[in-house]
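Novice: Have a look at the structure that comes next, please.
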Amino acid sequence: MDKIIIEGGYRLEGEVTISGAKNAVLPLMAACILTEGKNTFTNVPDLADVRTMSKLLRILGAEVEFEDGVLYVDTSKLSNWIAPYELVKTMRASVLVLGPLTARFGRSRVSLPGGCAIGERPIDQHLKGLGLLGAKIHIEEGYIETFASRLRGNIIPFDISTVTGTENIMLAAVLAEGDTMILNAACEPEVVELANVLNKMGARIKGAGTDIITIKGVDRLYPIDGYQIMPDRIETGTFMVASALTKGDILIKGCRFENVGAVVGKLLEAGVDISLVDGGIRVKGSDRVKSIDITTLPYPGFPTDMQAQMMTLMSIADGLSVITETIFPQRFMHAGELRRMGAEIKLVGSSAVVKGVPYLSGAPVMASDLRASASLVLAGLAARGKTQISRVYHLDRGYEKLDKKLESLGARIWRESE
């Protein structure tokens, strides 16, 4: 197991290219279950979660190869409909196979994902949607079992906006008989990406990116060849904050400005200089960071996956800021580790009150989840002295070679075995 060591206080400058989005490629891999043949994707990030989903698809009978950012998924010999606990427990996104397995085989057996470090994330809306599509659902011995000779289109009114729930029902409904309408659908760019790919496979989906998605069922889908995965908007935001924290000057290439509007708006409010230039987004940190208030919301609001990174920035800002988490109210485990580095943070219910301090100090800290890992790396970049971050396997689930990219920008960062 690795740990990351950072010698803080160095200004970041240069160019960095954003990798493909983890939260886009995982549902696209699940979508391959609906086809019979060889699918290929490019710009695929080399992440632990991608490798886990690859293992799961192989267990289901697919042939999967991954090399130099190109992913091959051949599902022509898919024969298994069971997703075992051993894999699902390591990655919640594994539950995305529930819908497509039910649509293709008329049945599935998928382990319940359970809770995680950022709080309970139930899949009741997934099951509600599948039930309305005509699936019979049983839960026993920690597994969800679904049965349906063929799913039937229906109106699916979600009680809350859920990204994976929206994706799972889309994946099930594309092969259902008749029309499906998802109400209160998630609007995230990754949902739009999935809809675009499914349509290229032969599906008939409209309204992705709005809160009402309509799907006309088709009899079959076809493999897709050479689809380029969209850039990761959370990695984009993370490098923006890295520049702001280190008073840096970074050109972020290969990203989509339109997908990070809420983050850009808050950073501008905090006094960070951001401009759209030929080749990407240029982010220049200022000598003085202003305190701002943040509330996480479903897209296009401020993303919960950027909350921890912005807390790190607010910890050295002038004044007092209040960060309110409405998506996962328990997602503040990084606050205690930031306090070990000198941050002044008080948790009050689903909010964190952050009083900016002149500087952070390097310290041994421990990552609790993916985005908490990123926030601690960012804190280490800005801190005085040396920071040691344990459990960085969380980081490798969602960031492709983050330490190497930061090193190329001038950071003093390296890995050691624990």
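Here, each number is a calculation from the coordinates, and none is a lab measurement. Model, not experiment: these values are computed from the prediction. Neighbour counts run over all protein chains shown; Cβ positions are idealised from the backbone, glycine included.
Novice: Any of 253/346; 206/253; 346/405; 136/216; 22/404; 247/346 with alpha carbons more than 28 Å apart? Name them for me. Could the numbers behind the result be given before it?
Specialist: Values: 253/346 36 Å; 206/253 30 Å; 346/405 32 Å; 136/216 22 Å; 22/404 18 Å; 247/346 26 Å.
From the list (253/346; 206/253; 346/405; 136/216; 22/404; 247/346), the Cα-Cα distance tops 28 Å for 253/346; 206/253; 346/405.
Novice: Counting other beta carbons within 10 Å of each residue's own, what order do 81, 414 fall into, fewest first? Could the numbers behind the result be given before it?
Specialist: Working: 81 22, 414 14.
Ascending Cβ contact count within 10 Å gives the list 414, 81.
Novice: Work out how much length residue 330 to residue 141 would gain on full extension: take 0.36 nm times their residue separation and subtract the Cα-Cα distance, in nm to one decimal. Show your work: numbers first, answer last.
Specialist: Values: separation 189, 0.36 × 189 = 68.04 nm, distance 2.74 nm.
Stretched fully, the residue 330-residue 141 segment lengthens by 65.3 nm.
Novice: Give the long-range amide H neighbours of residue 154: residues separated by 5 or more places, or on another chain, with amide H under 5 Å away, using H modelled in the peptide plane at 1.01 Å from N.
Specialist: Close amide H contacts, sequence-distant or interchain: 180, 181.
Novice: Starting from the amide H of residue 15, placed 1.01 Å from N in the peptide plane, find each other amide H under 5 Å away whose residue is 5 or more places distant or on another chain.
Specialist: HN-HN under 5 Å from residue 15: 251.
Novice: Provide the percentage of antiparallel DSSP beta bridges, counting only those with both residues in the range 22-228; round to the nearest 5. Don't skip to the answer; put the middle values down first.
Specialist: Working: 28 of 37 bridges.
Roughly 75 percent of the beta bridges in the range 22-228 run antiparallel, per DSSP.
Novice: Next up: Once the other residues with Cβ under 12 Å from the Cβ of residue 223 are scored (Lys, Arg +1; Asp, Glu -1), what is the net sum? Intermediate results must be reported in sequence, preceding the final value.
Specialist: Values: positive: 38, 200, 220; negative: 36, 74, 225.
Net local charge, residue 223 excluded: 0.
Novice: Let me check I've understood the local charge: for residue 167, count other residues with C-beta under 11 angstrom from its C-beta, Lys and Arg +1, Asp and Glu -1. What total comes out? Mind dumping the intermediate values first?
Specialist: Numbers: positive: none; negative: 188, 190, 193.
It works out to a net charge of -3.
Novice: Rg and Dmax of the range 67-190, Cα atoms, in Å?
Specialist: Just the Cα atoms of the range 67-190 yield Rg and Dmax of 14.4, 42 Å.
Novice: Which whole-number percentage describes the relative contact order of the chain, with Cα contacts under 8 Å and a sequence gap of 6 or more? Each step should come with its number before you reach the end.
Specialist: On the way: 1021 pairs, mean separation 88.4, N = 418.
Reported relative contact order: 21 percent.
Novice: Summarise the long-distance tail of P(r) for the chain by giving the % of C-alpha pairs beyond 40 Å.
Specialist: Details: 15134 of 87153 pairs.
In whole percent, the long-distance tail amounts to 17.
Novice: Explain nothing, just compute: Karplus ³J(HN,Hα) = 6.51 cos²θ - 1.76 cosθ + 1.60, θ = phi - 60°, for every residue of the range 188-201 in order, whole Hz, x for Gly and Pro.
Specialist: Each residue of the range 188-201 in turn: 4, x, 5, 5, 4, 4, 4, 4, 4, 5, 4, 5, 5, 7 Hz.
Novice: In 5 Å bins starting at zero, report the fraction of Cα pairs in the range 241-315 per bin as a rounded %.
Specialist: Taking every Cα pair in the range 241-315, the percentages come to 3, 17, 28, 26, 19, 6, 0.
Novice: Note down the nm distance, to one decimal, between modelled labels 7 Å out along Cα→Cβ at residue 353 and at residue 418.
Specialist: With each label placed 7 Å out from Cα toward Cβ, I get 3.3 nm.
Novice: May I ask you to evaluate 6.51 cos²θ - 1.76 cosθ + 1.60, the Karplus curve with θ = phi - 60°, for each residue of the range 402-418 and list the ³J(HN,Hα) values in order in whole Hz, giving x for glycine and proline?
Specialist: Values per residue, Gly and Pro as x: 4, 5, 5, 5, 5, 4, 5, 8, x, 6, 9, 9, 7, 10, 9, 6, 7 Hz.
Novice: Still on this structure: Excluding residue 67 itself, calculate the net charge of residues whose Cβ lies under 13 Å from the Cβ of residue 67, where each Lys or Arg counts +1 and each Asp or Glu counts -1. If you can, show how the numbers build up before the last one.
Specialist: Working: positive: 51; negative: 46, 65, 68.
Combined, the nearby Lys, Arg, Asp and Glu give -2.
Novice: Separate question: Could you put 63, 258 in order, starting from the residue whose Cβ has the fewest other Cβ atoms within 10 Å?
Specialist: On the way: 63 14, 258 10.
Going from sparsest to densest Cβ surroundings: 258, 63.
Novice: Here is a follow-up. Beyond 29 Å, how much of the Cα-Cα pair distribution for the range 22-228 remains, as a whole percent?
Specialist: Details: 3046 of 21321 pairs.
For the range 22-228, the share of Cα pairs beyond 29 Å comes to 14 percent.
Novice: Taking neighbour counts of Cβ atoms within 10 Å as a proxy for exposure, in what order, fewest first, do 137, 252, 234 appear?
Specialist: Numbers: 137 17, 252 27, 234 23.
Ordered by Cβ neighbours within 10 Å, fewest first: 137, 234, 252.
Novice: Stretched out fully, how many nm does the piece from residue 361 to residue 67 gain, at 0.36 nm a residue minus the Cα gap?
Specialist: On the way: separation 294, 0.36 × 294 = 105.84 nm, distance 3.99 nm.
Gain on stretching residue 361 to residue 67: 101.9 nm.
Novice: May I pose another question? Measuring from label point to label point, each 7 Å out along Cα→Cβ, what is the residue 275 to residue 42 span in nm?
Specialist: Roughly 3.1 nm, to one decimal.
Novice: Related question: Which shape class, rounded, prolate or oblate, goes with the range 135-291 when its Cα gyration tensor gives a ≥ b ≥ c as root eigenvalues, a/c under 1.5 marks rounded, and past that a/b bigger than b/c marks prolate?
Specialist: Values: a/c = 2.91, a/b = 2.24, b/c = 1.30.
Cα axes put the range 135-291 in the prolate bin.
Novice: How many nm separate the modelled label positions at residue 200 and residue 87, each set 7 Å beyond the Cα in the direction of the Cβ?
Specialist: Simple spin-label model gives 2.4 nm for this pair.
Novice: Could you work out [θ]222 nm for the chain from helices alone, using -39500 (n - 2.57) per DSSP H run of at least four and dividing by all its residues? Round to the nearest 500 deg cm²/dmol. Don't skip to the answer; put the middle values down first.
Specialist: Working: 14 runs with 130 residues, N = 418.
Value at 222 nm, helices only: -9000 deg cm²/dmol.
Novice: On to the next question. Give me the Kirkwood hydrodynamic radius of the range 15-71, using the inverse of the mean 1/r over all pairs of distinct Cα atoms, in Å to one decimal.
Specialist: When all Cα pairs of the range 15-71 are included, the Kirkwood radius is 11.8 Å.
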